[in-house]
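Chemist: Before I ask anything, let me first share the structure, which is written out below as structure tokens.
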């Protein structure tokens with residue numbers, strides 16, 4: 001899985017009129033400008049806005065299973081790259097650049113629903129109970145597969161990091 005920093009670096013290098021998708025396991029993600037283009041031109045998938053402590057700015061992304069890619073490209077050129085895929089948009093479908101800034105203001109900030117080890121000073125059975133509660137409260141029906149996998153991975157890391165389970 002590419003780090004957020006590397007994914008954003010790959011995203012920054014994309015040519016105009018292209019959507020850069022970064023693969024991670026069986027999923028792909030589009031970040032920032034590519035997420036905007038994907039949302040505007042291909043499919044209105046849920047976009048997540050999350051503050052990156054490393055980047056010190058908001059990061060926008062969406063994701064979906066690689067298996068959906070073929071049906072989504074709909075006749076567009078899709079090239080396999082070292083980090084995933086580049087989709088070339090048709091010239092008449094590329095939106096005006098000023099739309100990106102307006103779009104970023106409309107994306108709601110993701111609620112801090114994921115466990116953060118520094119914010120959860122629990123241990124043992126209390127920690128297990130808190131994680132179980134977070135899993136029960138996780139709105140699975142409104143989350144994408146990528147969000148679900150990330151959430152469960154973070155729960156597992158939290159438990160392992162605190163010496164609970166294996």
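The values are calculated or read from the model by the stated rules, or taken from the named source; none is laboratory data. This structure is a prediction, so every number in the text was calculated from the model and none was measured. So basically every Cβ, Gly included, is an ideal-geometry build from the backbone, and we count neighbours across all protein chains shown.
Chemist: Determine, yes or no, whether residue 67 is in contact with a helix residue (DSSP H, G or I) (Cβ under 9 Å, 6 or more places away or on another chain), under 17 Å from residue 22 (Cα atoms), modelled with pLDDT of 90 or more and not assigned by TED's automatic domain parsing to the domain that holds residue 154.
Modeler: Answer is no for this residue.
Chemist: Give the number of residues within the range 75-120 that are surrounded by 10 or more Cβ atoms within 10 Å (Cβ to Cβ) and either modelled with pLDDT under 85 or part of a strand (DSSP E or B) (or both).
Modeler: The total comes to 16.
Chemist: While we're looking at this one, here's another question. What's the total number of residues in the range 27-73 that are in a loop (DSSP other than H, G, I, E, B) and surrounded by 12 or more Cβ atoms within 10 Å (Cβ to Cβ)?
Modeler: Result for the range 27-73: 5.
Chemist: Another question, if that's okay. For the range 121-160, how many residues are part of a helix (DSSP H, G or I) and at pLDDT below 65?
Modeler: Going through the range 121-160 one residue at a time, the tally reaches 0.
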